[in-house]
1. Using alpha carbons only, how many angstrom separate the centre of segment 272-327 from the centre of segment 168-202?
2. Using only Cα atoms, what is the ratio of the radius of gyration of segment 289-434 to 2.2 N^0.38 Å?
3. Can you pull out the GluC sites (Glu not before Pro) in segment 401-433 that DSSP calls coil and that have at most 13 other Cβ atoms within 10 Å?
4. How large is the accessible surface per residue of segment 121-198, computed with a 1.4 Å probe and reported in Å² as a whole number?
5. Considering Cα pairs under 8 angstrom that are at least six residues apart, work out the relative contact order of segment 235-348 and quote it in whole percent.
6. Per residue, how much accessible surface does segment 235-348 expose to a 1.4 Å probe? Answer in Å², no decimals.
7. Set Lys and Arg Cβ to +1 and Asp and Glu Cβ to -1, take the dipole of the chain about its Cα centre, and tell me which of 314, 25, 238 lies farthest positive.
8. For labels at residue 298 and residue 198 in the simple 7 Å Cα→Cβ model, what's the distance in nm?
Amino acid sequence: MGPGGLAPNGRQRPNEARDQELGMAINKERLVSRLDSLGRIGATAEGGVTRLAYTPEYRQAEEMVRRWMTEAGLEVRTDPVGNLIGRREGDRREQACLTLASHIDSVLNGGRYDGALGVISAIEVAHALSEGGVLLDRPLEVVVFMDEEGARWGDGLFGSEAMTGQLSAEVLERTDRNGVSRAEAMEDWGLDPARFDEAARDPSEIGPYLEVHIEQGAVLESEDIPVGVVDAIAGPLFLEARIYGRADHAGATPMGELRQDALAGAAEVVLAAEAAAQATSPSCVATVGRIEALPGATNVIPGEVMLSLDIRDVDLGARDRAEATIHGAIEAICEKRNLTFRVDELQRTEPVTTSPAVVEAIAAACESLGLPVFPMPSGAAHDAQVMTAVADVGMIFVRCRAGISHSPEEYVTPDDVFVGARVMYEAALRLGRD
Ligand code: HGY
Ligand code: MN
Ligand code: MN
């Protein structure tokens, strides 16, 4: 059978010379120029992007991405929470679909590649398949998840939790810095928040799931390898701790017992969280990213402080230990300083391992392109870990400069963008066929 020859059933076999050639149908220029165009929406003065869920910037980005999905031969629809789903039927309609996905929302002043790289790569794979007339057995779906970052309401993975039926209605009532609830933002977006649970898909419709994402770490760069195969994804625990003291006159209140300084107590909590993560395990991290002191006046001792806590590990037991240590430290610090506290849970997402079947397809794809197969964990959270509830899941990590992410400094070379999309293409050929 010559290159490009047809299999007995008239379908292209994976990895035929034609497919390899089609693998080159991944259009590098189109990839890079689309990333560039998307990166200009929500652009910040520092060269980053701010594109939060259900905002005008998000709408602009979504319209641009919807157009590209259509050009790639996908039928595009929006689900009840605003996930964008582009679908192209396969040879065997009844089969569960192959999903290629990521997100286009960002953190505040974030990078131009986090999420966007995965969406643009997924669209490019669909485009190359359609241009090459390559039909998979499985239906193909490209999904753009709404609000993966949670930068507006403090919790993330919203769209994928909705799609997998893991969303609880209380997250709709959370309010952003301007007091706008998620439900109100959804209504302004043209959605009915009461229908959020209709976004849940029948798990039997969902087949293998593949996501390309920047590594957001510097391991690939230090190994001088363009792509990695994710084997585990850390689970984030998002908390909000509130420390209560007594607002008082900063000038007239002597230092010592008369002061119940909530911010001084919170400062000790920040350092205790850092120490707890360091003491727990090499893969444990704990971060206080937001702190608000009230009443927030120079000459008033802070009477109340809110601090966010982000605690993660790829090992659930380790994360539980870090959580307990931090909770105990808060208790002891408040006891010592005559303060009180409460801790509210915003989001608890389990760490996961990726699926051997998808890892195998990614590894074979790397080998077919002459690339090393480099298994590695993800410290960052991803929609992929939520999708493990309904699908076999895998992720392709792409090297990013100095591992920097959630920053305007985030950067991926055009060559590595190209490699990541080609690995996804080769893996999709394998996963899209039974
Ligand atoms: O927070 C995270 O790990 C991801 O970037 N949403
Ligand atoms: Mn992110
Ligand atoms: Mn991301």
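1. 28
2. 1.48
3. The qualifying sites: there are none.
4. Values: 2630 Å² over 78 residues.
With all protein chains present, segment 121-198 gives 34 Å² per residue.
5. Averaging sequence separation for qualifying contacts and normalising by length gives 43 percent for segment 235-348.
6. Per-residue accessible area for segment 235-348 comes out at 50 Å².
7. Result: 25, furthest along the dipole toward the positive end.
8. Here the modelled spin labels are 5.5 nm apart.
The values are calculated or read from the model by the stated rules, or taken from the named source; none is laboratory data. Predicted, not measured: the structure shown is a model, and the values here were computed from it. Reconstructed Cβ throughout: ideal geometry from the backbone, glycine too, with neighbour counts over all protein chains shown. Ligands, DNA and RNA are stripped out before the accessible areas are found, and what is left, the full protein with its side chains, is counted by its heavy atoms. Shrake-Rupley method; radii C 1.70, N 1.55, O 1.52, S 1.80 Å.
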